[in-house]
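Below is one structure; the comments refer to it alone.
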Amino acid sequence: MTKLSLLTEHSFKEGVTSLEIVDLTSSGTENVVVSTMNGDLRVFELTKGKKPKLKEIARTSDLPPVAALDTGDVLGNGVPDFVVAGLDNQLRLLVYMDNKLQVKSSTPVGAIPTSLVVANVLSDKSAEVIVSTTDQALRCYGWFDVVLDKLAHKVVDNPVLSMRRLSIENVPYSRFVFGDENGNIFVYQYADDRLHEVWRMKVGKEVYHIATGNIAGGRYDEIVSVSDKRTITLLRVEQQALDKVLSIKAPESVTAVRMGRILQDTPAGQILLSLQDSTILLLGFNGLELIELASLRTASKSAESLVAFGDLTGDSRNEIVQAIGNKVYLIKIDDED
């Protein structure tokens, strides 16, 4: 049996707007990365001991409000970079060098960003950046010496609300997945200087959230979408097409979703949800249905929340991080006999 328990919490002066977990030093110990309403991007490590705390190791300030944030090796030097899409219609690349976080370049995108994803769509050592904007466009950028340069531009039918990379075993490039306000799920790839639609499927009304990750052990990542705020749909790639596996209703509105190998001692992956009532919900997939493995309500009030997971202690076991308002909660995952 799996149990979730609160490890520690950290308060900020202002609200958290983005949350990611990334290993900045390839040490096996991952870092918590947050952006705030004050225009800060801050990186933390978890201190060890009986009372672990988040210790800030890098920060950059005075950024415009962040619309979207993702991480990946854009420079191709083996170190994760940060890509920030701001409400000033700018795409910024931030790098961590010499224990400092600094803006490497800034690129105008023409309209207000709605989501972005960093993915290796060209199968080279550096990752590309795909950003969606309010003018219903997808723009793909690659790093060339000193600037993010636009590789492709495609106008889609409806505004894109959420994007994630889609990995394929033994394939050197990634596709990417997004959902739109008309309830469609799309899989796209970059080829021949263009963005091409590979598959699409209707899953409901507005697709607010998308997650990808391998939870069944197959060659492709699975896809989870959240539509109508509560409808959770699991999809997989079957015979070169999208296949709907199942749909369930969450007990509350879903505000964030992630998926992947969250529990190390299981052959399959899991789905992690953060709900409107501040509950964290961990679901397992047995090949036929989604099963609740554990849950924890971190705050007494309902609020929008963000969630991520990663190995913050370097013990090869994941922790869960949830951001609600101006607080970040770190949750320990225990297996009980």
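Structural remarks
- Qualifying trypsin sites (Lys or Arg not before Pro) in region 278-337, where qualification requires a DSSP coil assignment and no more than 16 other C-beta atoms within 10 Å, comprise K301, R317.
- Distance from the alpha carbon centroid of region 151-177 to that of region 252-270 works out to 21 angstrom.
- Distance violations [Cα-Cα > 31 Å] among K55/K229; K53/K301; K154/K244: K55/K229
- Cβ-Cβ FRET estimate between E238 and E181, R0 fixed at 22 Å, reported to 0.05: 0.25
- Ranking A299, L281, F309 by how far each Cα lies toward the positive end of the dipole of region 255-337 (charges on Cβ) leaves A299 at the top.
- Global form of region 159-284, assessed from the alpha-carbon gyration tensor, a/c cut-off 1.5: oblate
- Full-extension gain in nm, Q102 to K249, via 0.36 nm per residue minus C-alpha separation: 48.7 nm
- Solvent-accessible area per residue for the chain (1.4 angstrom probe, square angstrom): 44
- Spatial separation of Cα centroids for region 71-130 and region 219-234, in angstrom: 26
- Estimated FRET transfer efficiency when R0 is 35 angstrom, pair A111-D23 (beta carbons, to 0.05): 0.60
- Counting only the Cα atoms, region 100-244 fills a convex hull of 135 Å³ per residue.
- In order along region 12-27, the Karplus-derived 3J(HN,Hα) couplings, from 6.51 cos²θ - 1.76 cosθ + 1.60 at θ = phi - 60°, round to 10, 6, 10, x, 8, 10, 8, 9, 9, 10, 8, 8, 6, 10, 6, 8 Hz, and Gly and Pro are given as x.
- Shown is the FRET efficiency for F144 and M1, computed with R0 = 45 Å from the Cβ-Cβ distance and rounded to the nearest 0.05: 0.30.
- Relative contact order of region 85-236: 15 percent, from C-alpha pairs under 8 Å at least 6 residues apart in sequence.
- Per-atom-type breakdown for region 157-279 gives carbon and sulfur 41% of the accessible area (1.4 Å probe, protein chains only).
- Remark: region 1-40 projects, on average over all directions, an area of 4.4 nm² (convex hull of Cα atoms).
- Two-decimal ratio, the chain, of alpha-carbon radius of gyration to 2.2 N^0.38 Å: 0.94
- Geometric extent, Cα atoms of region 138-202 - Rg, Dmax (angstrom): 12.7, 40
- Each Lys and Arg contributes +1 and each Asp and Glu -1, all at the Cβ; summed about the Cα centre of the chain, the dipole is approximately 480 debye.
- Where labels lie 7 Å past Cα in the beta-carbon direction, separation of Q264 and R194 in nm: 4.6
- On region 1-78, 47 percent of the accessible area sits on carbon and sulfur atoms, based on a 1.4 Å probe.
- Of the GluC sites (Glu not before Pro) in region 113-191, the ones in a loop by DSSP (not H, G, I, E or B) with at most 11 other beta carbons within 10 Å are E169.
- Region 268-337: GluC sites (Glu not before Pro) falling in loop per DSSP and having at most 16 other Cβ within 10 Å: E289, E304, E336
The values are calculated or read from the model by the stated rules, or taken from the named source; none is laboratory data. The structure presented is a predicted model; accordingly, all values stated were derived computationally and were not measured. FYI the Cβ positions are ideal-geometry reconstructions off the backbone, even for glycines, and counts take in every protein chain you see. We work out accessible area using only protein heavy atoms, side chains counted, and drop any ligands, DNA or RNA first. Shrake-Rupley method; radii C 1.70, N 1.55, O 1.52, S 1.80 Å.
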